[in-house]
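Reading through the structure tokens given below for one structure.
Only the coordinates and a few stated rules stand behind these numbers; no lab work does. Values in this document were obtained by computation on a predicted structure and should not be read as measured data. Here the Cβ positions follow ideal geometry from the backbone for every residue, glycine too, while neighbour counts run over all protein chains shown.
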Amino acid sequence: MQLSADSEDVTKLGNTLLQQAYEAQLDGCYSKASATFSRVLDLAQRATDQELRVHGLLGQANLLRITGNYIQAENLFSEAKILAENVYGVNSSQLANVLVGWGVLQKYVGRFEAGEELYREALRILLKTSGPDSIEVAAVYHNIAGILHARGSYDSAVDWSRRSLEIRRHLLGENHYDVASAKGALAAILTSCHQYREAETLLCDALASHQLHFGDSHYEVAVSLSNLAAIRYKRGELGQSEALYRRALKIKQSTLSFNHPECGLILLNIATVLTRRGELRAALGACNESLRVLTVTHSGDHPRVLQGKQLQIRLVQLCKDFKNDCVS
């Protein structure tokens, strides 16, 4: 690739590559997105363009988090934060974007307090740089709601999630896919609050919107299916719950990988459904596979790993109690 001495040419090419990378990521073409982000970083290095490097690092770090490469993502987020502070300043929207991405990673690895701190620092910056009714602030509200949900603070999570949805509806319109994602996130929290009717309505809207925008095999469709499965489980509709979880699992295994931690979480949910149905052999198999997948990327004290180990111990004991020949 020939580089022009004109910095405007470098910036233009870098921005074009970044747009291509994000489009590939949105379409679920993660290998293509990763290769394009790598081109951005190579261009930034050869042109000594630190601003472009910040954006390339952030894009690649977010992609690594999506694909379950948490250690590599952590390293890139750390580098991106330091560089963003030096290049843009400690009160810049660019730094806030890095903090938000890093906060999402902290949630995924179970460091909820650290994640919330990163989100709140990003919110402080974005309220000044973007304004209280901006898309950027709505995204942080969405993320704070998610981490409060993970920590069990359901009422507060609902409030933050509703604020995010209201802003996105106002700015983007009812049919935008980001509005659908906000509906799905709120529905997941409402399910934990036992508000199943509103949750199911929101999820059905989200599922229809994502299928319309992305087709039936997209990651976001799997998220909606998984959340619907949780509602069915809460209502005791175990057959429907298992079927929805398995549909979600098939999509995530295809779009992410068989060993992605999100697949491990769905397997754990399937094991829970099968346990409640009394299918102990199948439940133990799903639980064992879930732990195999989760422990590749999660530490032993991650909440979901601990949940899986507790279920595994329970299933082994149940198998013995009922003399079910399911313990290898």
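If Lys and Arg each add +1 and Asp and Glu each add -1, what is the summed charge of the other residues whose beta carbon sits under 11 Å from the beta carbon of Ile135?
It works out to a net charge of -2.
What is the angle, in °, between the Cα long axis of helix 70-88 and the longest principal axis of the Cα atoms in the chain? Nearest 10 is fine, range 0 to 90.
Helix 70-88 and the main axis of the chain meet at about 30 degrees.
Taking R0 as 22 Å, what FRET efficiency do you get between Gln45 and Ile135 from their Cβ-Cβ distance, rounded to the nearest 0.05?
Numbers: r = 31 Å, r/R0 = 1.40.
That gives a FRET efficiency of 0.10.
Only counting other Cβ atoms within 10 Å, I'd like Thr129, Thr255 sorted with the fewest neighbours first. Intermediate results must be reported in sequence, preceding the final value.
Working: Thr129 16, Thr255 20.
So the ranking, lowest neighbour count to highest, is Thr129, Thr255.
Of Ser78, Thr275, Leu127, which is farthest along the charge dipole of the chain in the positive direction, counting Lys and Arg as +1 and Asp and Glu as -1 at C-beta?
Of the options given, the answer is Thr275.
With a ≥ b ≥ c taken as the square roots of the eigenvalues of the C-alpha gyration tensor of segment 130-255, please select rounded if a/c is under 1.5 and otherwise prolate if a/b is larger than b/c or oblate if it is not? Mind dumping the intermediate values first?
Details: a/c = 2.03, a/b = 1.34, b/c = 1.52.
Note, shape of segment 130-255 comes out oblate.
Kindly write out, for segment 160-174 in residue order, the coupling ³J(HN,Hα) from the Karplus curve 6.51 cos²θ - 1.76 cosθ + 1.60 (θ = phi - 60°), rounded to whole Hz, with x marking Gly and Pro.
Listing the rounded values in order: 5, 5, 5, 4, 4, 5, 4, 5, 5, 4, 5, 8, 10, x, 5 Hz.
Could you work out the relative contact order of segment 16-163? I mean the mean sequence separation of Cα pairs under 8 Å and 6+ apart, divided by the number of residues, in percent. Could you put the intermediate results ahead of the total?
Values: 181 pairs, mean separation 19.8, N = 148.
Once divided by the residue count of segment 16-163, the mean separation gives 13 percent.
In degrees, nearest 10, range 0 to 90: what is the angle between the Cα axis of helix 196-214 and the longest Cα principal axis of the chain?
Taking Cα atoms only, the helix is inclined about 50 degrees.
I'd like the distance between the alpha-carbon centres of segment 92-127 and segment 206-265, rounded to an integer number of Å.
When both Cα centres are located, 26 Å separates them.
Past 22 Å, Cα to Cα, is the threshold; run Lys183/Lys252; Lys32/Lys183; Lys12/Lys128; Lys107/Lys309; Lys252/Lys320 against it and keep the listed order. Can you show the working numbers first?
Numbers: Lys183/Lys252 20 Å; Lys32/Lys183 29 Å; Lys12/Lys128 28 Å; Lys107/Lys309 20 Å; Lys252/Lys320 33 Å.
As for pairs spanning more than 22 Å Cα to Cα, those are Lys32/Lys183; Lys12/Lys128; Lys252/Lys320.
With θ set to phi - 60°, apply the Karplus curve 6.51 cos²θ - 1.76 cosθ + 1.60 along segment 295-302 and write out the HN-Hα couplings as whole Hz, x wherever there is a Gly or Pro.
6, 5, 10, 9, 6, x, 9, 5
Compute the acute angle (0 to 90°) between the alpha-carbon long axis of helix 112-129 and the principal axis of greatest extent of the alpha-carbon atoms of the chain; round to the nearest 10°.
40
What's the exposure ranking of His302, His176, going from fewest to most Cβ atoms within 10 Å?
His176, His302
Assuming 0.36 nm per residue, please report the length gained on full extension of the stretch Thr201 to Asn175 beyond their Cα-Cα distance. Don't skip to the end; give the middle numbers.
Numbers: separation 26, 0.36 × 26 = 9.36 nm, distance 1.48 nm.
Full extension from Thr201 to Asn175 adds 7.9 nm.
Kindly provide the helix-only [θ] at 222 nm of the chain, computed as the sum of -39,500 (n - 2.57) over DSSP H runs of four or more divided by all residues, to the nearest 500 deg cm²/dmol?
On the way: 15 runs with 266 residues, N = 328.
So the helix-based figure for the chain works out to -27500 deg cm²/dmol.
I need to check one value: relative contact order of the chain, counting alpha carbon pairs closer than 8 Å and at least 6 residues apart, in percent. Could you put the intermediate results ahead of the total?
Numbers: 443 pairs, mean separation 29.3, N = 328.
Result for the chain is 9 percent.
Using the Cα centre of the chain as the reference point, and only Cβ charges (+1 on K/R, -1 on D/E), how large is the resulting charge dipole? Debye, rounded to the nearest 20. Show your work: numbers first, answer last.
On the way: 35 positive and 35 negative charges, 264 e Å.
Rounded to the nearest 20 debye, it is 1260 debye.
Where does each of Tyr70, Tyr22 land when they are ranked from fewest to most other beta-carbon atoms within 10 angstrom? It would help to have the intermediate numbers written out before the result.
Details: Tyr70 19, Tyr22 16.
Result, fewest neighbours first: Tyr22, Tyr70.
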